[in-house]
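The block underneath contains the structure these notes are about, expressed in structure tokens.
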Amino acid sequence: MKDEVLILGIESSCDETAAAVVKNGREVLSNVIYSQIDLHKLYGGVVPEIASRKHIEKINQVIKKALEDANVTWDDIDAIAVTYGPGLVGALLVGVAEAKAISFALDKPLVGVNHISGHISANYIQDKNLEPPFLCMVVSGGHTHLVMVNDYGEYDILGRTRDDACGEAFDKVARAIGLGYPGGPKVDKLSKEGNKEAIHFPRAVITDYPLDFSFSGLKSAVLNHINSSKMKGEEVNVADIAASFQDCVVDMIVSRTMLAAEEKKVKDIALAGGVAANSGIRNGLKNACAEHGYNFYCPDFIYCTDNAAMIASAGYYEYIKGTRHGYDLNAVPNLKL
């Protein structure tokens, strides 16, 4: 194995077209992201067909820019890593087809990467000294997983959501209180203006599986509060709703993470995923770790949202383990971790 391994990462699972070059799984040489958020704002959420078409339009440009920013050529690249699931099937197919074409044309190894494994691996970019085993709380628009990272690419899921993902709940509540899309950042910003103790929303607990999550009841409680206030002619204080809702989410995430850490007797706890950019969740988990004597890790904001650097990092560890995919690699929208 070479001393320096360069991986080109490609990410197109939802509404970001991204490419990155990463050295040895930890050092980011380039990280280019084309976001479609402004485009999908018009529709109040991601439109899969539009996302796929925009990926096709932008992916070659993004990859070219990633190579230029890294000051490398195709000859320097050792392998192509690409997200093949989970995500929107049409969007995933664009990235997978691109990666397979490059792999075939240049005779470079192809490595398929699980998107969630990529989010977890973003922590390796952020902290060069972090190594498994550690506990990772993954919170994103489509997933809420409490994961025991036993080794690079080897995971045990300790807890997961039974219904809505954390980010999905944020988007639905944001829509209910008139904030629009994307909901997560807007709820987070508005929550700073409200009183988190103004409304007590329920903290769902699944008795037989205490590490699992449920957000659908919380979403319903927010909607019921809004409807009840309107029926009574009372003022709907959206800032208080945002603050109380976010405090409830933070409480559920922190409490289960601390419970899992105690059970697994870990010393390192990481946060990952798009919703890891939420200030309430970041600070809540950071403070809880400090209180209980755990080391806390979390990527910078740019590595929380979908990006290709995290895919290249995860791809590197798969590559050095000998993982190779053939040209029959396909998109798997419901791929499990």
Q | Close pairs from segment 274-294: first farther than 18 Å from L190 by Cα and at pLDDT 95 or above, partner among the hydroxyl-bearing types (S, T, Y) and assigned to a helix (DSSP H, G or I), Cβ under 7 Å, at least 6 apart | A | L285/T257
Q: Tell me which residues, restricted to segment 1-47, are at positive phi and surrounded by 19 or more Cβ atoms within 10 Å (Cβ to Cβ).
A: G25
Q.
Restricting to segment 28-54, and then to whatever is of a type in the set (S, T, Y) and either in the same structural domain as P182 (by TED's automatic domain parsing) or modelled with pLDDT under 95 (or both), can you tell me which residue is farthest from R175 (Cα to Cα)?
A. S35
Q. Is it fair to say I102 is more than 20 Å from A276 (Cα to Cα), among the β-branched types (V, I, T) and touching a residue at least 40 places away in the same chain (Cβ under 8 Å)?
A. yes
Q: Among the residues of segment 3-15, count how many are under 19 Å from the mean Cα position of the chain (by Cα) and either in a loop (DSSP other than H, G, I, E, B) or at pLDDT below 95 (or both).
A: 4
**Q.** Residue in segment 256-267 that is closer than 30 Å to V5 by Cα, buried (at least 22 other Cβ atoms within 10 Å of the Cβ) and not aromatic (F, W, Y) present
**A.** no
Q: With the condition kept exactly as written, say whether any residue in segment 18-27 is modelled with pLDDT under 95, in a loop (DSSP other than H, G, I, E, B) and touching a Gly at 6+ places or on another chain (Cβ under 9 Å).
A: no
Q) Taking segment 157-190, which residues are among the charged types (D, E, K, R), surrounded by fewer than 22 Cβ atoms within 10 Å (Cβ to Cβ) and outside any loop (DSSP other than H, G, I, E, B)? A) R160, K172, R175, K186, D188, K189
Q: Starting from segment 183-210, take each residue that is in the same structural domain as V249 (by TED's automatic domain parsing) and closer than 19 Å to V238 by Cβ and list its partners that are charged (D, E, K, R) and surrounded by fewer than 17 Cβ atoms within 10 Å (Cβ to Cβ), counting only C-beta distances under 9 angstrom and pairs at least six apart or across chains.
A: G183/R175
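The values are calculated or read from the model by the stated rules, or taken from the named source; none is laboratory data. Owing to the predicted nature of the structure, the values given are computational and were not obtained by experimental measurement. Reconstructed Cβ throughout: ideal geometry from the backbone, glycine too, with neighbour counts over all protein chains shown.
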